[in-house]
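The next block holds one structure in the form of structure tokens; read it before the comments.
The values are calculated or read from the model by the stated rules, or taken from the named source; none is laboratory data. The structure displayed is predicted, hence computed values, not measured ones. As a convention, Cβ positions derive from the backbone with ideal geometry for all residues, glycine included, and neighbour counts pool all protein chains shown.
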Amino acid sequence: MVGLPVSGKTTLIHKLTDKFPLTILSEEDMSAFLSPGATIFQRNSPEVFQLALKTIELLVRMDKACIYDANVKTMEQRKLIKQVVEDAGGSYTLIYLNCSKEGCYKRLQKHNLAVEGGEAKGFILNKDLFEFETSSTDLPTTEEAHLVYNSEDPESSYQLFPQVEKIINGK
């Protein structure tokens with residue numbers, strides 16, 4: 001998955017796993033396991049990405065469909081995941097979450113309040129960190145075949161789900 005911060009990646013993943021037999025690999029959970037006291041600056045560590053790659057490879061070899069709950073920000077990382085999946089005999093699909101920067105920032109403000117109040121887990125991002133995360137996310141190019149999910153449109157699920165179902169069923 002790729003999208004701006006707070007674009008709805010985890011929310012979409014839960015919608016997908018409610019409908020399809022997918023194993024979730026959570027970057028946040030792997031980070032907490034490897035570095036329980038990690039800060040926002042340590043969460044995208046190479047160790048977490050390497051653990052994710054190896055786990056994805058093992059799941060694909062076991063013929064388990066999986067989804068990586070992370071913002072795979074660079075084309076280089078996405079190409080590497082694609083190569084690992086295909087070398088293991090699987091099929092790779094990238095989902096781009098289309099959400100306006102303004103919409104994401106509004107969601108971020110709600111998320112920060114929920115984290116401060118103990119109602120949600122995660123990191124609190126201020127405006128500068130949000131801008132940094134936004135500017136360091138490489139959106140998919142036309143050469144990267146990808147599905148698009150508009151996280152500001154509640155009807156977007158109805159367009160995405162049939163496409164995902166075809167991929168899972170190998171059609």
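Some notes on this structure:
- Single residue of GLU116, GLU165, GLU155 found to be farther than 23 Å from LEU16 by Cα and out of contact with any Ser or Thr (no Cβ under 9 Å at 6 or more places or on another chain): GLU116
- Residue in the stretch 113-135 that is touching a residue at least 40 places away in the same chain (Cβ under 8 Å), among the small types (Gly, Ala, Ser) and exposed (fewer than 12 other Cβ atoms within 10 Å of the Cβ) present: no
Rundown of residues vs (1) modelled with pLDDT of 95 or more; (2) touching a strand residue (DSSP E or B) at 6+ places or on another chain (Cβ under 9 Å); (3) more than 14 Å from GLY3 (Cβ to Cβ), yes/no style:
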| residue | (1), (2), (3) |
| --- | --- |
| VAL84 | yes, no, yes |
| ALA88 | yes, no, yes |
| GLY103 | yes, no, no |
| LYS110 | no, no, yes |
| GLY122 | no, no, yes |
| ASN126 | no, no, yes |
| PHE130 | no, no, no |
| GLY170 | no, no, yes |
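- When we screen GLN77, GLN50, GLN83, GLN109 for residues that are crowded, with 18+ Cβ neighbours inside 10 Å, among the polar types (S, T, N, Q) and assigned to a helix (DSSP H, G or I), the only hit is GLN77.
- Where a residue in the stretch 44-69 is more than 14 Å from VAL84 (Cα to Cα) and its partner, wherever it lies, is aliphatic (A, V, I, L, M) and crowded, with 18+ Cβ neighbours inside 10 Å, with Cβ under 7 Å and at least six apart: VAL48/MET30; ASP69/ILE13; ASP69/LEU25
- Looking across the stretch 97-106, the residues that are touching a Leu at 6+ places or on another chain (Cβ under 7 Å) and either without any contact (Cβ under 8 Å) to a residue 60 or more places away in the chain or surrounded by 14 or more Cβ atoms within 10 Å (Cβ to Cβ) (or both) come down to LEU97, CYS99, CYS104.
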